[in-house]
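Below is one structure, written out as structure tokens, with a few remarks after it.
The values are calculated or read from the model by the stated rules, or taken from the named source; none is laboratory data. Computed from a prediction, not measured in an experiment: that's the story for all the values here. Please note: Cβ atoms are built from the backbone with ideal geometry, for glycine as well, and neighbour counts cover all protein chains shown. The protein model used for the area step is the full one, side chains on, heavy atoms only, and it has no ligands, DNA or RNA in it. Shrake-Rupley method; radii C 1.70, N 1.55, O 1.52, S 1.80 Å.
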Amino acid sequence: MKNRINISRDDVKKYYLKQSEMINSGEELSPEIIAEEGYDPDQLRTEGLSLIESLRKRTEPKEYYQISWDIILKKVVKAGISKNLIENKVIPNSLLQQLNGNKAVESTQRAIDYLISVFGLNRKQLLESESISLSTIPSQLAYYKKPTNANLNQIKAYSHYAQFIAKTSSKACHNLPYNDYPEDIDEFREMQIEKHGEISLEALLDTIWNLGICVVPLTDSGVFHGASWNIDGRHVIILKQKTDSHAKWIFDLLHELYHVFAHLNEDNTSVIEETELSPVASNDSEEELEANSFANQFIFNSSAEILAKECVTRAGNKTERLKQAVIDTANDIGIRVDFLANYLAFRLQHDGTNWWGTANSLQVKDPSPVEVTRRFLTKNLDFKILNQIESNMLSMAIN
């Protein structure tokens, strides 16, 4: 959370009173002055906006307003920004249609406004340069592992987009209170069980939102698998899971939550997950292994590996008997079957055995985890506080 600035209450009161007097004075006097002069306030506003637009056109080279959207699009795609991302998540469909119609020139400028807002691009560079380049991944990265087989420019581009959505979500959730985080995993698990009596996606989301943490589901494929941010003291988690498995969504959510608790204390820092999260990964960084351990401890109460071995023993080391062994073990211990099946599938995959076909048949997939996560987000959003670009993009992102 943001540190408080040490200002005396007298100073605050004086400033507030002075500001209130100025605002109130302006609100009372301006309509009277306008009316006395015989002007229509709405007409003045319209004429003022027209004047601003005409001045902008006169101060910028004429060719700025004649450049085609196709040229702009080729530049940004070459820089690593996906055409699919631009046309499906950045530029509203109504504006895309205008780009190919008789309002193409004006619409191109509006489309450029979106690119500037999201990707931190420069208007002059977009219009004049033959090629453009993206700045580094936005926000100081508390942890980031450079991908070995990925297009770094694509990750940069999508990171700009995801951060824009994270910042916009944080802004729209301005009424969400900040609450103290738990001291350790035991306190957090006790908080969860005491309030909800279970570890389900809906129950866990309720606990996390009550801590003042935003959780945003994105459905775009590829690029990276999740992220978390500290946006000026507000923590935002973005989940991008390809499957409808509640067990996987819960694991990923807990994994990102650990980064929030342990690695994102400084304002405007972030964690980017460019590979799929696995509860049994052994070649990741120390930060990632800690996050995996946190999620496993929370779900299995520190007994994940013991339960996995118990399943293998009950099955007599026979793969065809593992399904029933998982069901029996989970029921005996009082843990969800899909949690244990998911962990065991990852564990066997780590050892070179593919058991995902059976594990997937034991997963909880209804209701849709995307819909569950989206419902918590939309309940806390105040779209009235957003500008048009922010509002349009957030709507496209979550719908």
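The set of residues in region 290-329 that are touching a helix residue (DSSP H, G or I) at 6+ places or on another chain (Cβ under 6 Å) and farther than 19 Å from V280 by Cα comprises R314, A315, K323, A325, I327, T329.
Condition check: of a type in the set (V, I, T) and either open to solvent by 70 Å² or more (accessible area, probe 1.4 Å) or part of a helix (DSSP H, G or I) (or both). Does I272 satisfy that? So that I can check it myself, show each step before the final result.
Numbers: of a type in the set (V, I, T): yes; either open to solvent by 70 Å² or more (accessible area, probe 1.4 Å) or part of a helix (DSSP H, G or I) (or both): no.
Taking the combined requirement at face value, the residue does not satisfy it.
Of everything in region 110-164 that is aliphatic (A, V, I, L, M) and not in a helix (DSSP H, G or I), the residue that is modelled with the lowest pLDDT is A150.
Residues of region 369-395 that are farther than 15 Å from C173 by Cα and either open to solvent by 40 Å² or more (accessible area, probe 1.4 Å) or in contact with a His (Cβ under 8 Å, 6 or more places away or on another chain) (or both): P369, E371, Q388, N392. On the basis of being assigned to a loop (DSSP other than H, G, I, E, B) and within 21 Å of Q363 (Cα to Cα), does L307 make the cut? Against the criterion (assigned to a loop (DSSP other than H, G, I, E, B) and within 21 Å of Q363 (Cα to Cα)), L307 does not qualify.
Among the residues that make up region 298-307, is at least one of them modelled with pLDDT of 90 or more, under 23 Å from I185 (Cβ atoms), under 24 Å from the mean Cα position of the chain (by Cα) and open to solvent by 40 Å² or more (accessible area, probe 1.4 Å)? No, because not a single residue in region 298-307 is modelled with pLDDT of 90 or more, under 23 Å from I185 (Cβ atoms), under 24 Å from the mean Cα position of the chain (by Cα) and open to solvent by 40 Å² or more (accessible area, probe 1.4 Å). For region 203-226, the set of residues classified as under 30 Å from L152 (Cβ atoms) and out of contact with any strand residue (DSSP E or B) (no Cβ under 8 Å at 6 or more places or on another chain) consists of T219, D220, S221, G222, V223, listed by residue number. Across region 310-334, the number of residues qualifying as open to solvent by 40 Å² or more (accessible area, probe 1.4 Å), part of a helix (DSSP H, G or I) and farther than 27 Å from R189 by Cα comes to 8.
Considering only residues of region 180-220 that are closer than 16 Å to I237 by Cα and at pLDDT below 95, which is surrounded by the fewest Cβ atoms within 10 Å (Cβ to Cβ)?
Quick first cut of region 180-220, residues closer than 16 Å to I237 by Cα only: 181, 201-202, 204-220.
Next, only the ones that are at pLDDT below 95 stay: 218-220.
Working: L218: 22, T219: 14, D220: 16.
Checked region 180-220; the qualifying residue surrounded by the fewest Cβ atoms within 10 Å (Cβ to Cβ) is T219.
Of the residues making up region 335-344, at least one is without any contact (Cβ under 8 Å) to a residue 60 or more places away in the chain, in a helix (DSSP H, G or I) and either touching a strand residue (DSSP E or B) at 6+ places or on another chain (Cβ under 9 Å) or more than 21 Å from R189 (Cβ to Cβ) (or both).
As for region 259-269, it holds no residue that is among the hydrophobic types (A, V, I, L, M, F, W, C), open to solvent by 10 Å² or more (accessible area, probe 1.4 Å), at pLDDT below 95 and at positive phi.
Please verify whether V223 is at pLDDT below 90, out of contact with any Cys (no Cβ under 8 Å at 6 or more places or on another chain) and either open to solvent by 20 Å² or more (accessible area, probe 1.4 Å) or among the hydroxyl-bearing types (S, T, Y) (or both), treating the condition exactly as stated. Quick ask: steps written out before the conclusion?
On the way: at pLDDT below 90: yes; out of contact with any Cys (no Cβ under 8 Å at 6 or more places or on another chain): yes; either open to solvent by 20 Å² or more (accessible area, probe 1.4 Å) or among the hydroxyl-bearing types (S, T, Y) (or both): yes.
Considered against the rule, which asks whether it is at pLDDT below 90, out of contact with any Cys (no Cβ under 8 Å at 6 or more places or on another chain) and either open to solvent by 20 Å² or more (accessible area, probe 1.4 Å) or among the hydroxyl-bearing types (S, T, Y) (or both), V223 comes out as yes.
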